[in-house]
Structures are given as C-alpha cells and as structure tokens.
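For reference, the structure is listed below as structure tokens.
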C-alpha cells in the first residue's frame, strides 16, 4: 500500500498537481499519527498495569551487567512513543489541544508523565469520535 502511495505522490509531482500532493501528504501524515497514537495507547495501558514509578534517564546507556526492571523499561518505552506523538502533533493539529513540550535529554519524570497523559487524552478522544472502531 505504501508503494502505491509513493507512486501516487510521484505521479502527482510529475503532473505538477500540488493540490493532490498536499492532500495525499496530509492523509499519509494522519495514518502515521494513527499508528503512533495506537502504539502509544497500548504501551501506556501496559505500563499502567505495572503500576507507577520511575523512568530511565534520557539519554540512557544500556548496561548488560545491571539489567533494568521490566516495569521501568515499559514506562520509559511508553513515554518515548508518546513523545513521538507529541512531536508529530506540534507540526500537525491535535484533537484535544494543550500539547506538552517534547521530551529532551535530562527530562523529568513529570515531563514523561505529561506526554503519556497527552497520548491517553488523544486516544480517549479518538475513541469517542469513532465509537465501535
């Protein structure tokens, strides 16, 4: 499917159809966002099942001599995917607004919690907008 999307964009570019390029690009961006949102929601739900706690520092260097507890790694992964959603939504409109800042090196646990809470709000809003899907 992505091959066909790229071929469609290439054909629109060759035909100098900027309106079609813009439309297809927006559609691809929303598909990407939907994938990020779904992944963020699943990881957040799994992390919530493992309770609350700390995250790995950012940046983190893996040390195989000191394995990371699975719940900490899961929370960190959930916040990292939610951060990708936040970064996407800073460039494109979000559903609920109030987009938190993207995570940076040295971010706090509260900042990680904020991006996860944002992804959760966006997921809930998407489910309310499209019930049964």
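Modelled with pLDDT under 80 and surrounded by 15 or more Cβ atoms within 10 Å (Cβ to Cβ): does that describe residue 24?
Values: modelled with pLDDT under 80: yes; surrounded by 15 or more Cβ atoms within 10 Å (Cβ to Cβ): yes.
It is true that residue 24 is modelled with pLDDT under 80 and surrounded by 15 or more Cβ atoms within 10 Å (Cβ to Cβ).
When you check residue 116 against the structure, is it crowded, with 18+ Cβ neighbours inside 10 Å and part of a helix (DSSP H, G or I), yes or no? Yes: the conditions hold for residue 116. Of all residues in the range 46-77, those satisfying the criterion of being surrounded by 15 or more Cβ atoms within 10 Å (Cβ to Cβ) and under 11 Å from residue 109 (Cα atoms) are 55, 56, 58, 75, 76. From the list 76, 54, the lone residue that is within 14 Å of residue 116 (Cβ to Cβ), assigned to a loop (DSSP other than H, G, I, E, B), touching a helix residue (DSSP H, G or I) at 6+ places or on another chain (Cβ under 9 Å) and at pLDDT 90 or above is 54. Within the range 85-96, residues that are at pLDDT below 80 have Cβ atoms under 7 Å from residues that are outside any loop (DSSP other than H, G, I, E, B) in these pairs: 92/29; 92/33; 94/122; 95/122; 95/125; 95/126, counting only partners at least 6 apart in sequence or on another chain.
Residue-wise test of (1) in contact with a helix residue (DSSP H, G or I) (Cβ under 7 Å, 6 or more places away or on another chain); (2) assigned to a helix (DSSP H, G or I).
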{"residue": "34", "(1), (2)": "no, yes"}
{"residue": "41", "(1), (2)": "yes, yes"}
{"residue": "44", "(1), (2)": "yes, yes"}
{"residue": "58", "(1), (2)": "no, no"}
{"residue": "87", "(1), (2)": "no, yes"}
{"residue": "94", "(1), (2)": "yes, no"}
{"residue": "123", "(1), (2)": "yes, yes"}
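Scanning the range 5-19 for residues that are surrounded by 15 or more Cβ atoms within 10 Å (Cβ to Cβ) and modelled with pLDDT under 75 returns a single hit, 9.
The values are calculated or read from the model by the stated rules, or taken from the named source; none is laboratory data. As the structure is a prediction and not an experimental result, all values here were calculated from the model. Heads up, the Cβs are rebuilt from the backbone with ideal geometry, glycines too, and the neighbour counts pull from every protein chain shown.
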